[in-house]
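Structure, as structure tokens:
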Amino acid sequence: DAGVIQSPRHEVTEMGQEVTLRCKPISGHDYLFWYRQTMMRGLELLIYFNNNVPIDDSGMPEDRFSAKMPNASFSTLKIQPSEPRDSAVYFCASSLGAGGHNSPLHFGNGTRLTVT
Amino acid sequence: AQSVAQPEDQVNVAEGNPLTVKCTYSVSGNPYLFWYVQYPNRGLQFLLKYITGDNLVKGSYGFEAEFNKSQTSFHLKKPSALVSDSALYFCAVSYSGAGSYQLTFGKGTKLSVIP
């Protein structure tokens with residue numbers, strides 16, 4: 001199993017530009033999560049999907065952030081326009097049957113975003 | 001509401017000595033407790049979990065954790081630390097009866113094992 005695959009690993013962009021982060025979950029997993037990690041705020045859940053349907057996006061910081069999951073094997077997190085305060089490491093994670101809240105998450109290696 | 005606290009930002013231990021990384025939690029139902037480890041430039045990796053049953057849970061890489069309901073704690077332990085155990089450790093909590101997904105992570109504890 002290749003695990004959760006995220007791309008790109010690093011992204012450097014200028015303020016105002018659009019940024020798209022990509023994620024391929026583990027095959028067969030029915031939950032997909034997007035997290036953001038910063039030194040100041042730790043790990044924050046942005047949004048999660050169940051069977052490709054967004055369930056809770058209350059963690060998305062602003063309307064500049066959007067996420068989609070067009071099929072079971074692909075998800076994107078988009079920031080438009082990007083701002084320097086969006087600089088962070090963004091993680092995608094997937095899980096099988098997380099609805100019971102007792103299933104472990106499998107994380108990708110993250111995308112380190114730097115907005116200048 | 002739920003919360004998890006890792007009271008130590010950093011723990012230093014000599015190689016071969018036992019290690020403990022502390023975690024306390026607060027939930028409104030029966031807790032589901034997790035430990036994850038993060039190596040530099042990597043995502044979090046699942047170590048172990050407590051759902052129900054035996055209070056002592058064994059996980060990957062020789063780690064174990066003890067659930068203590070009266071003290072609302074779930075400390076991570078290992079009898080003999082290795083230099084390769086040096087990493088960032090996260091405790092996380094959810095609970096039975098939660099509606100929307102409610103896994104909450106602690107701030108993390110940096111473990112340094114000194115040769």
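The values are calculated or read from the model by the stated rules, or taken from the named source; none is laboratory data. From a predicted model like this one, the values you see are computed outputs, not experimental measurements. So basically every Cβ, Gly included, is an ideal-geometry build from the backbone, and we count neighbours across all protein chains shown. Accessible surface areas use protein heavy atoms only, side chains included; no ligands, DNA or RNA. Shrake-Rupley method; radii C 1.70, N 1.55, O 1.52, S 1.80 Å.
Remark on B:Ser86: its backbone amide H falls under 5 Å from those of B:Val113, a criterion applied only to residues 5 or more positions apart or on other chains, H modelled at 1.01 Å from N. Given a cut-off of under 8 Å on Cα pairs at least six residues apart, what relative contact order in percent is computed for the stretch A:21-116? After rounding, I find 31 percent. Of all the options A:Leu43, A:Leu77, A:Leu21, the one that moves most in a Gaussian network model of chain A with Cα springs shorter than 10 angstrom is A:Leu43.
The residues of the stretch A:34-83 expose, per residue, 52 Å² of accessible area to a 1.4 Å probe. Measuring between their Cα centroids, the stretch A:1-78 and the stretch B:1-45 lie 24 Å from each other. Residue by residue, the stretch B:35-47 carries 3J(HN,Hα) couplings of 10, 10, 10, 10, 8, x, 6, 10, x, 6, 10, 5, 9 Hz when phi is fed to the Karplus relation 6.51 cos²θ - 1.76 cosθ + 1.60 (θ = phi - 60°); x denotes Gly or Pro. The interface between chain B and chain A buries about 1800 Å² of solvent-accessible area in total (1.4 Å probe, ligands and nucleic acids excluded).
Roughly speaking, to the nearest percent, how much of the stretch A:1-102's 1.4 Å accessible area is carbon and sulfur?
Values: 2550 of 5060 Å².
C and S fraction of accessible area: 50 percent.
The Cα atoms of chain B cover 45, 30, 22 Å along the three principal axes, with the biggest extent listed first.
The stretch A:1-27: which residues show an accessible-area loss of 20 Å² or more, assembly versus chain alone, 1.4 Å probe? SASA drop of 20 Å² or more in the stretch A:1-27: A:Arg9.
Model label sites at B:Thr20 and B:Leu56, defined 7 Å from Cα along the beta-carbon direction, differ in position by 1.5 nm.
Which parts of the stretch B:33-58, residue by residue, lose 10 Å² or more of accessible area when the rest of the protein chains are there, as against the chain isolated (1.4 Å probe)? So the qualifying set is B:Phe34, B:Tyr36, B:Gln38, B:Asn41, B:Arg42, B:Gly43, B:Leu44, B:Phe46, B:Lys49, B:Ile51. In order along the stretch A:63-70, phi translates into HN-Hα couplings of 5, 5, 9, 8, 9, 9, 9, x Hz, rounded to whole numbers, per the Karplus curve 6.51 cos²θ - 1.76 cosθ + 1.60 with θ = phi - 60° and x for Gly and Pro.
Separation of the alpha carbons by more than 24 angstrom is noted, of B:Lys49/B:Lys77; A:Lys68/B:Lys107; B:Lys78/B:Lys107; B:Lys22/B:Lys58; B:Lys77/B:Lys110, for A:Lys68/B:Lys107.
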